[in-house]
Amino acid sequence: MRRRNFLVAAGATFLTGCSKIGDTEWFAKLVDGAENWHRGLHRALGGGRITMAPEYEIADISPFFRGNGSQSVDTDAYRASEAAGFADWQLTVDGLVANSLTLSMDDIRALPQRTQITRHDCVEGWSAIGQWTGPQLSQILLAAQPTDAAKLVVFHCADTLGGSQYYESCDMDDAYHPQTIVAHALNGEPLPVRNGAPLRLRLERQLGYKHAKYLTRIELVDSLDAIYGGLGGYWEDRSGYQWYAGI
Ligand SMILES: Nc1nc2c(c(=O)[nH]1)N[C@H]1C(S)=C(S)[C@@H](COP(=O)(O)O)O[C@H]1N2
Ligand SMILES: [Mo]
């Protein structure tokens, strides 16, 4: 909250014409961050209301954040990347975008960051509170520039579960929501493998299975029909889990 308030204040200062710090490069970048955040907020508002997932205090953080579903990725490529500290990991952003992107981990960490302490709720009946850090998805989408035809965001993962590729998806409201981030850190440390190293989605207003781990590709689409089983996610395709898993 503090960071966002600062960004908003920084943006306001810029708009009222305080040009001295406004000339510096770092300030321009901060203002960019503020603008992006506003854009995301306005889209998420969609008419005047935004719901935020509850955020918690450091003291509330669970001592151990368990892994669930896939706890690693069973490929040689993943093991090699893990051995290299994931320095070679790439996140592709493509589909219905004006600018396809290939982001490195350094690129991800160079974007404006958001840190949030939230509670993860799994349908299987457990919860855990963790502190997640990463760029807002809205920042990444701003760089990729979804076309007007883009209606949904698909998250492709490196792992298979029971022989099928894991994936998830969300609508543009959730994609631009301020708490939707591509997390590279949990509790101030690089993501553990069991929790989706090196990149996992946090989609805080929805249940655990929406938070895709081991992210490799973000694809903008106009329909989910042609994506895997067509129902928008691994569990949606096979177990009748809701596509919109609002908490
Ligand atoms: N790629 C991938 N993402 C996934 C899963 C998975 O098996 N593979 N499991 C989901 C489920 S059901 C939950 S509850 C959370 C668990 O996250 P955690 O392992 O960090 O606890 O990840 C979700 N994202
Ligand atoms: Mo879950």
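Worth a mention:
- Restricted to the range 227-241, and to residues there that are assigned to a loop (DSSP other than H, G, I, E, B) and within 15 Å of ligand 2 (Cβ to nearest atom), the residue that is surrounded by the most Cβ atoms within 10 Å (Cβ to Cβ) is GLY233.
- Single residue of the range 192-226 satisfying the filter (assigned to a loop (DSSP other than H, G, I, E, B), in contact with an Asp or Glu (Cβ under 8 Å, 6 or more places away or on another chain) and over 19 Å from GLN90 (Cα atoms)) that is farthest from ligand 2 (Cβ to nearest atom): ARG205
- Of all residues in the range 43-63, those being surrounded by 12 or more Cβ atoms within 10 Å (Cβ to Cβ) and either closer than 17 Å to LEU215 by Cα or at pLDDT below 95 (or both) number 4.
- No other residue among SER104, SER127 is within 16 Å of ligand 1 (Cβ to nearest atom), hydroxyl-bearing (Ser, Thr, Tyr) and surrounded by fewer than 19 Cβ atoms within 10 Å (Cβ to Cβ) apart from SER127.
- Of everything listed in (1) surrounded by fewer than 19 Cβ atoms within 10 Å (Cβ to Cβ); (2) within 18 Å of THR216 (Cβ to Cβ), the single unmet condition for TRP89 is (1).
- Among residues that are away from ligand 2 (no atom under 16 Å from the Cβ), in a strand (DSSP E or B) and either surrounded by fewer than 18 Cβ atoms within 10 Å (Cβ to Cβ) or without any contact (Cβ under 8 Å) to a residue 12 or more places away in the chain (or both), ASP94 is included.
- Annotation: of all residues in the range 173-220 being in contact (Cβ under 8 Å) with a residue 40 or more places away in the chain and of a type in the set (Gly, Ala, Ser), the one that is nearest to TYR241 (Cα to Cα) is GLY208.
- Only listed residue being over 27 Å from HIS177 (Cα atoms), open to solvent by 40 Å² or more (accessible area, probe 1.4 Å) and at pLDDT 95 or above, chosen from ARG79, ARG119, ARG109, ARG66: ARG79
The values are calculated or read from the model by the stated rules, or taken from the named source; none is laboratory data. These numbers were taken from a predicted model, which means no experiment stands behind them. Please note: Cβ atoms are built from the backbone with ideal geometry, for glycine as well, and neighbour counts cover all protein chains shown. Just the protein is used for accessible areas: all its heavy atoms, side chains included, with ligands, DNA and RNA removed. Shrake-Rupley method; radii C 1.70, N 1.55, O 1.52, S 1.80 Å.
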